[in-house]
Protein chains: 4
Amino acid sequence: MSNDTGFVYHFGGHAPSRTVRPGEEFDVFTEDCFSGKLTSEDGQPREVAPFPKVNPLTGPVEIEGVKAGDVIAVRILSMIPARDWGVATVSPNFGLLSGTRLEPNLQPEQEERVWIWRFAEDRRSLSAKTKSGPALNTDYRPFFGTIGVAPAHGETRLCVVPGDFGGNLDVPDLGPGATLYLRANVDGAHLYVGDGHYAQGDGEMAGTAIEGAFNARLRVDRVETDAAFEWPRIETETQTGVVGVGRPLDSALKVAATGLVKWISATTGLDALDAYQLVSQTATIRIGNVVNPDYTVLVSISKRTLAEGSVSV
Amino acid sequence: MSNDTGFVYHFGGHAPSRTVRPGEEFDVFTEDCFSGKLTSEDGQPREVAPFPKVNPLTGPVEIEGVKAGDVIAVRILSMIPARDWGVATVSPNFGLLSGTRLEPNLQPEQEERVWIWRFAEDRRSLSAKTKSGPALNTDYRPFFGTIGVAPAHGETRLCVVPGDFGGNLDVPDLGPGATLYLRANVDGAHLYVGDGHYAQGDGEMAGTAIEGAFNARLRVDRVETDAAFEWPRIETETQTGVVGVGRPLDSALKVAATGLVKWISATTGLDALDAYQLVSQTATIRIGNVVNPDYTVLVSISKRTLAEGSVSV
Amino acid sequence: MSNDTGFVYHFGGHAPSRTVRPGEEFDVFTEDCFSGKLTSEDGQPREVAPFPKVNPLTGPVEIEGVKAGDVIAVRILSMIPARDWGVATVSPNFGLLSGTRLEPNLQPEQEERVWIWRFAEDRRSLSAKTKSGPALNTDYRPFFGTIGVAPAHGETRLCVVPGDFGGNLDVPDLGPGATLYLRANVDGAHLYVGDGHYAQGDGEMAGTAIEGAFNARLRVDRVETDAAFEWPRIETETQTGVVGVGRPLDSALKVAATGLVKWISATTGLDALDAYQLVSQTATIRIGNVVNPDYTVLVSISKRTLAEGSVSV
Amino acid sequence: MSNDTGFVYHFGGHAPSRTVRPGEEFDVFTEDCFSGKLTSEDGQPREVAPFPKVNPLTGPVEIEGVKAGDVIAVRILSMIPARDWGVATVSPNFGLLSGTRLEPNLQPEQEERVWIWRFAEDRRSLSAKTKSGPALNTDYRPFFGTIGVAPAHGETRLCVVPGDFGGNLDVPDLGPGATLYLRANVDGAHLYVGDGHYAQGDGEMAGTAIEGAFNARLRVDRVETDAAFEWPRIETETQTGVVGVGRPLDSALKVAATGLVKWISATTGLDALDAYQLVSQTATIRIGNVVNPDYTVLVSISKRTLAEGSVSV
């Protein structure tokens, strides 16, 4: 698992590429999931970025003084697109509306296609030509598809995998201003980041977002948290929630919902049933991805639902 | 399947309780899912509303001149709470975070509990006392949990079931201002409505919303639509989408996403892959329920994503 | 739901076609699922037997004196093939290895094909020509794909649906000598039978078995049973078990396994955990179908595992 | 990942513990999944073998001359129980009929219990005392729960995980006389074996088999195979099939069924639909486990179904 391009393709198993202090702001450059090599509608995704050389990660960044077992807060301070275009694909045996390696079928394969999404001049929206009709348009809604730490129990996982260590979550809430809470499994935490998205719908259904390179600024803090911390948590300006990872979607949802109920219970004094009632009447379920080796679901509640201060992990 | 209380408990198999003309506004009273009999925290949900006498439906309303095969648009013009309180429960063998009849386990059963949610004076929020701690609060966000027509192929289904005929969808978007599109399976369509909710989180995870009676005004129109119409569609002020019904969630999601892709393709001229790309980068996935005999998912896109006029069914 | 062909297409909603006494042997003729109209490799399955006119059922047979709530034992005494050939198909949007209505995709559709399976002279095996290579051969292993009673709670279901009322189970153990135990939901039980199979692999994966007409002899007894009876039970010469119905397979499996554990516990005095241990170390899991609207799983144990007499329901 | 006990807890990442030649018979001792430390009904499974120190593996055994990309045949020549007792447990948050880490719930936890299964004098059956009633009995049916090679793409996985590299499959067919075919992902293949079972029902539903130590003899051959080889294959005296791994069960089943169809097609000249028809009418579906991080399903056909010689990989 050499590091000669400056990018790596696994979570775990590397010496740190750099070291930062808790609370220190630092900059990273992240490549798109095709390593910047898929540059036109005529490109061949599986040739320019053959599996498993997809989703290059920047890192790992060692966080000074963090011990295995600590919880860290990864704050995304800013994300600046590094190019004026992003790229998206549909490929055979991939995506929600195709057979896949884990849900194969005997039908003829889905066609492959590439879309180049170009920024409008004000960089607030993107547009892509289509083969069949009018151009497509969408707002710029940046976030990191992949942020994770070295996995627990000495496992080494491919960069396309999500898990309790974070990883390829593809949850659209992970944009500028958001905080991702993760349990460090090794001293120094060993943070990896990549797979930036210029925009993505819920579920990343066709298999890719609008994939783009970024220059970003991050900060990592060591935080106190409740004993119930097990799965990643995400906090935005207005919402706070837990990420579940699993297959099928029902499994990921149960993980996230149970995690949120237990967390609310731990921080408010409500017992589990009362916290469950609160979640049931007020929670938002966001589907992150339904195309990775495991799926991801964020269950969150409005921070104003709880008394001030009670939601910080 | 008599109708002596004025309420029924099935989709299909009844003579109409009334007849309206397409385009005619009409009023309905709908009971809560416990028939208004669960009125205090000490109440016994399974005694006051024993299965299958839950979810009483108002109807069926015959729509004059509608033929089997036509598509109707059910417009929710207004919903006025008929009481100053709603009710929610957690019961054994029910809800996402318990074993259920279809996913049983051998653990000791979950406890039963009832919450009475009372409106604030301005009727813009509700509050419920808890056994264990501070009161719970949430905004008033009304919608109908159950709207459906007589099922296809001569089936008669219990009122707790969702399907391609609509039914117990529990999709929070179905509030005032929304339109639900359904295929009529019998002449006159035979519309049923009930199961009003004063508020509900995504998924109705604990098994009930804040259940409440309503006085509501509806209008049903007969509409032209594309040949691809198969599953219910929902249109709100800003979004338009397709509802999928199935288990597990993945199944419901595939139904909804495929339906939306095909619909966009049929109405815009984009081929399936270009429509898929649009959906993948811009769609919102809303989980309706994960507690009924089948689950429901709404996949929708912003109406401004498409050219004017192209989204009306 | 007229009955002018002598066959019906629903469970529930019919006047009895005949009445028998408990313990009385009686004969039935059952058509194949294509009503005998798909007779050559060039046939068009969806034209000769368009949905929902598939899976014609013989019945309903009223069982004299049986009351709603009683358990009946349906004994398959003999099955004689009514023709010297059976038929099987693969069709678009159907079967485990294709997208389906409930798990749609955007790939090009699977091709349609028909196989005519002809009996060997001794009627102990069947053989089918193929388009691409050598003929296929298999043993004759007859059973009824569909046996059920009128559903509970006044529902009427299509004949292709399995449920707690039995129905389109497609469990290969239901051949001559087997007994299917079902709860009567209406007085007289109203028994339906059809969808005979000359052979089928586990899961009926491509969507049909070797479909064939039968002349069969049955007997229905009213039996005493334990209070835990909820889902169908199947008893053969050597095994006894519980059928679970649901989606995904995990759901059907949990239903069946829990049912078997509770039954063993009720009949042996073992507590639930000890019964669970017995099941876990000795049970056989048989996948019935993975292609109907719900899937079916039989979890059974060897009758010699339990003390004599303790396994009869 | 030190190796000081002679046992390891991962697939991948180790120097070989020994080297053998293809075709050479060699002996291994394998510990039970609790490292032999759970010796009485009063034992504490989670104390004597705390996660992740469960399922100790013997190996890795390097196979001389095998290159990454080759397929190996692991032949189980004999298995001799190393003790006169085995052990089984039920634990909280584990097993099919309990909430688990990936399908959590809010019910009170399932109780913990230990069963010691002792061999009859002839070693052909085992018996366990129960807390609640009569003793349990079952036949001795030995197999290895876990056989695997170093994973692909540089991943390191915990020993409790199954995958395309084999691993914690828990498929009861893997007993004496069986052959497991695996793709080598690294030079030398690096074979791991452990988790022997004295008996297990389909699915290993309660979470453990009758866990026991073994002295076993193995042989590994390098074999030619078709290009379609992707997932593990198992061959016994009478059956030959493909193992699928995934969640939910439906996913594992689709993997296995598709693999078998493609293999038959590659080896017989039947096209995919004709091979699918053969599988659909004759296949056996065996559920391996439904309790590990991924589930396993073996879909197999009788070797006499195919012409002689055509089934060898």
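Odds and ends about this structure:
- Only one of the listed residues (B:48, B:61, B:28, B:8) is within 14 Å of another protein chain (Cβ to nearest Cβ) and hydrophobic (A, V, I, L, M, F, W, C). That residue is B:8.
- Checked against the criteria, residue A:78 counts as closer than 30 Å to residue A:63 by Cα, in contact with a strand residue (DSSP E or B) (Cβ under 7 Å, 6 or more places away or on another chain) and of a type in the set (Gly, Ala, Ser).
- Scanning region C:256-282 for residues that are out of contact with any helix residue (DSSP H, G or I) (no Cβ under 7 Å at 6 or more places or on another chain), among the hydrophobic types (A, V, I, L, M, F, W, C) and under 20 Å from residue D:91 (Cα atoms) returns a single hit, C:273.
- Failed item in (1) in contact with a strand residue (DSSP E or B) (Cβ under 9 Å, 6 or more places away or on another chain); (2) at negative phi, with residue D:154 passing the rest: (2)
- With respect to (1) more than 14 Å from residue A:171 (Cβ to Cβ); (2) touching a Leu at 6+ places or on another chain (Cβ under 9 Å); (3) hydroxyl-bearing (Ser, Thr, Tyr), the lone exception for residue A:240 is condition (1).
- Region B:90-115, residues that are within 30 Å of residue D:91 (Cα to Cα) and either of a type in the set (Ser, Thr, Tyr) or more than 7 Å from every other protein chain (Cβ to nearest Cβ) (or both): B:91, B:92, B:93, B:94, B:95, B:98, B:100, B:101, B:112
- Matching residues, region C:153-172, being under 20 Å from residue C:285 (Cα atoms) and either of a type in the set (Asp, Glu) or assigned to a loop (DSSP other than H, G, I, E, B) (or both): C:164, C:169, C:170, C:171, C:172
- Qualifying residue in region A:111-122 (condition: in contact with a strand residue (DSSP E or B) (Cβ under 8 Å, 6 or more places away or on another chain), in contact (Cβ under 8 Å) with a residue 60 or more places away in the chain and surrounded by fewer than 18 Cβ atoms within 10 Å (Cβ to Cβ)): yes
- Residue within region D:296-311 that is in contact (Cβ under 8 Å) with a residue 60 or more places away in the chain, part of a helix (DSSP H, G or I) and in contact with a strand residue (DSSP E or B) (Cβ under 6 Å, 6 or more places away or on another chain) present: yes
- Among the residues making up region A:21-34, those that are in contact with a Lys or Arg (Cβ under 9 Å, 6 or more places away or on another chain) and either closer than 15 Å to residue A:59 by Cα or exposed (fewer than 14 other Cβ atoms within 10 Å of the Cβ) (or both) are A:23, A:24, A:25, A:26, A:27, A:28, A:32.
- Evaluation of residue A:175 against (1) part of a loop (DSSP other than H, G, I, E, B); (2) under 12 Å from the mean Cα position of the chain (by Cα); (3) crowded, with 21+ Cβ neighbours inside 10 Å (one fails), failing number: (3)
- Filtering C:86, C:59, C:69 for residues that are in a loop (DSSP other than H, G, I, E, B) and out of contact with any helix residue (DSSP H, G or I) (no Cβ under 7 Å at 6 or more places or on another chain) leaves a single hit, C:69.
- Restricting region C:193-213 to residues that are crowded, with 24+ Cβ neighbours inside 10 Å and of a type in the set (A, V, I, L, M, F, W, C), the residue that is farthest from the other protein chains (Cβ to nearest Cβ): C:193
- Residue A:230 being more than 20 Å from residue B:138 (Cβ to Cβ), surrounded by fewer than 21 Cβ atoms within 10 Å (Cβ to Cβ) and either in contact with a helix residue (DSSP H, G or I) (Cβ under 9 Å, 6 or more places away or on another chain) or polar (S, T, N, Q) (or both): yes
- Against the conditions (1) in contact with a Leu (Cβ under 6 Å, 6 or more places away or on another chain); (2) at positive phi, residue B:55 satisfies every one except (1).
- Region C:219-278 - residue that is in a loop (DSSP other than H, G, I, E, B) and under 30 Å from residue D:41 (Cβ atoms) and, of those, farthest from the other protein chains (Cβ to nearest Cβ): C:226
- Count of region A:81-102 residues which are buried (at least 22 other Cβ atoms within 10 Å of the Cβ), farther than 30 Å from residue A:29 by Cβ and not hydrophobic (A, V, I, L, M, F, W, C): 2
- Some residue of region D:35-56 being surrounded by fewer than 23 Cβ atoms within 10 Å (Cβ to Cβ) and part of a strand (DSSP E or B): no
- Any hit, region D:2-17, residues being surrounded by 18 or more Cβ atoms within 10 Å (Cβ to Cβ), over 21 Å from the mean Cα position of the chain (by Cα) and assigned to a loop (DSSP other than H, G, I, E, B): no
- Region A:132-146 - residue that is in a loop (DSSP other than H, G, I, E, B) and without any contact (Cβ under 8 Å) to a residue 40 or more places away in the chain and, of those, farthest from the other protein chains (Cβ to nearest Cβ): A:135
- Residue match in region A:289-297 (condition: facing another protein chain (nearest Cβ under 10 Å) and in contact with a Pro (Cβ under 6 Å, 6 or more places away or on another chain)): yes
- From the options A:118, A:123, residue that is more than 13 Å from every other protein chain (Cβ to nearest Cβ), over 27 Å from residue A:244 (Cβ atoms) and part of a loop (DSSP other than H, G, I, E, B): A:123
- Single residue of A:84, A:32 found to be of a type in the set (D, E, K, R), in contact with a strand residue (DSSP E or B) (Cβ under 6 Å, 6 or more places away or on another chain) and within 25 Å of residue A:133 (Cβ to Cβ): A:84
- Yes/no for residue D:250 being modelled with pLDDT of 95 or more and charged (D, E, K, R): yes
- The condition (being closer than 20 Å to residue D:291 by Cβ and away from chain C (no Cβ under 13 Å)) is satisfied by just one residue among D:183, D:157: D:157.
The values are calculated or read from the model by the stated rules, or taken from the named source; none is laboratory data. Please read these numbers as outputs of a predicted model, since none were measured by experiment. As a convention, Cβ positions derive from the backbone with ideal geometry for all residues, glycine included, and neighbour counts pool all protein chains shown.
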